[in-house]
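The values are calculated or read from the model by the stated rules, or taken from the named source; none is laboratory data. None of these values were measured; they are calculated from a predicted model. For neighbour counting, all protein chains shown are included, and Cβ atoms are generated from backbone atoms with ideal geometry for every residue, glycine included. Only protein heavy atoms, including side chains, enter the accessible area calculation; ligands, DNA and RNA are left aside. Shrake-Rupley method; radii C 1.70, N 1.55, O 1.52, S 1.80 Å.
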Amino acid sequence: MYFTLVTGASMGIGEAFAREFAETGTSLLLVARSEDKLRSLAEELKSSGAPAVRILAEDLSDESSPGRIYEFCLRENIAIDVLVNCAGLSFAGDFETLPPGKMDEIMEVNMMALCRLIRFFLPDMIKRKRGGIINVASIGGYQGVPGLALYSATKSFIVTLTEALHVELKEKGVKAVAVCPGFIQTGFLAKAGHRQEGIRLPVYSRDLVVKAAIRGYEKNRLQIFPTFIDFLLVFSQRFVSRKTAVRLADFLSSARIRE
Ligand SMILES: NC(=O)c1ccc[n+]([C@@H]2O[C@H](COP(=O)([O-])OP(=O)(O)OC[C@H]3O[C@@H](n4cnc5c(N)ncnc54)[C@H](OP(=O)(O)O)[C@@H]3O)[C@@H](O)[C@H]2O)c1
């Protein structure tokens with residue numbers, strides 16, 4: 001049986017991915033650290049008709065965690081058809097205020113775990129000539145964002161990695177797409193210490209992101225912008241200097257002063 005693996009499924013956008021996939025009758029493997037939240041979500045999805053929902057509590061900042069997830073799938077005979085790399089975190093504030101431990105955690109979860117999971121599951125997808133990867137990036141990945149320097153760099157990494165994978169994999173029958181939303185209403189901003197009142201962009205719903213992501217994945221779009229504003233902000237960069245793009249990102253996100 002084919003499964004969709006969603007990381008960061010205990011809340012926020014990952015949880016919305018799980019709900020949306022469950023509605024279409026997809027079997028799911030849900031990963032995050034909060035085992036209790038995963039368990040109650042799995043129970044709810046199963047009682048509303050999802051064929052199979054498995055959970056695995058893992059800390060993706062531990063470099064051996066992607067390997068354990070892959071071993072679990074081999075042991076349990078779970079074939080991952082779609083990998084949704086959604087787990088992620090941020091920290092608002094100027095770079096010198098970023099605690100070193102947080103710096104490592106952001107890079108491990110946002111970039112390294114994502115790469116390792118792809119590296120584990122991709123060969124099987126290629127063998128089966130089906131399935132693919134949905135990487136959750138951000139419009140913040142299209143320029144440096146003052147106050148979110150490391151976070152925006154990790155999202156640039158995801159955008160670039162996914163672009164190359166998209167083309168490499170097209171002829172192998174496997175999809176790779178990057179979803180690039182703006183600000184979304186979840187607990188993410190508060191956890192990062194990002195003052196929501198300072199944000200000069202609409203903060204939209206996670207369901208909007210997930211529906212756009214799944215539609216875009218089905219059509220194998222290289223990059224998916226959930227709203228017209230997201231598209232416009234990225235497209236308009238072609239007509240301004242890099243410095244202007246970064247200054248605009250600073251103005252719109254106002255992430256330098258922590259909550
Ligand atoms: N919200 C926004 O404005 C926004 C905008 C653009 C892009 N994004 C991206 O969307 C993705 C999801 O964000 P969200 O808004 O849904 O945030 P969220 O509500 O804070 O959820 C983050 C998810 O990641 C998981 N996670 C965090 N650290 C983890 C770790 N060490 N190991 C395993 N799982 C971990 C969390 O689960 P546990 O705590 O249970 O481990 C949670 O399920 C992120 O990649 C984020 O960069 C968000």
Legend entry - Matching residues, region 1-28, being open to solvent by less than 10 Å² (accessible area, probe 1.4 Å), under 13 Å from Ala87 (Cβ atoms) and in contact (Cβ under 8 Å) with a residue 40 or more places away in the chain: Leu5, Val6, Thr7, Ala9, Gly14, Phe17
Inset, instruction - Tell me, please, whether a residue that is over 17 Å from the mean Cα position of the chain (by Cα) and of a type in the set (Val, Ile, Thr) can be found in region 54-67. - result: yes
Legend entry - strands (runs of 3 or more DSSP E) fully within region 1-87 counting 1 or more residues that are of a type in the set (Asp, Glu): 79-85
Legend entry - Top-ranked residue of region 137-155 - restricted to ones that are in contact with an Asp or Glu (Cβ under 9 Å, 6 or more places away or on another chain) and hydrophobic (A, V, I, L, M, F, W, C), ranked as farthest from Pro100 (Cα to Cα): Ile139
Legend entry - Flag for Leu208 being over 19 Å from Thr7 (Cβ atoms), open to solvent by 20 Å² or more (accessible area, probe 1.4 Å), out of contact with any His (no Cβ under 9 Å at 6 or more places or on another chain) and more than 8 Å from the ligand (Cβ to nearest atom): yes
Legend entry - Filter result for Lys243 (under 30 Å from Pro99 (Cβ atoms) and surrounded by fewer than 14 Cβ atoms within 10 Å (Cβ to Cβ)): yes
Inset, instruction - Looking only at region 207-226, decide whether some residue is at pLDDT 95 or above and within 16 Å of Gly144 (Cα to Cα). - result: no
Legend entry - Criterion violated by Ile106 - all others in (1) under 12 Å from the mean Cα position of the chain (by Cα); (2) farther than 20 Å from Val210 by Cα; (3) of a type in the set (A, V, I, L, M); (4) within 10 Å of the ligand (Cβ to nearest atom) satisfied: (1)
Legend entry - Condition broken by His166, with the remaining ones in (1) free of Cβ contacts under 8 Å to residues at least 40 places away in the same chain; (2) within 23 Å of Asp124 (Cβ to Cβ) satisfied: (1)
Inset, instruction - Just give me the residues in region 216-255 being within 23 Å of the chain's Cα centre (by Cα), part of a loop (DSSP other than H, G, I, E, B) and of a type outside the set (Val, Ile, Thr), in sequence order. - result: Lys219, Asn220, Arg221, Leu222, Phe225, Pro226, Ser254, Ala255
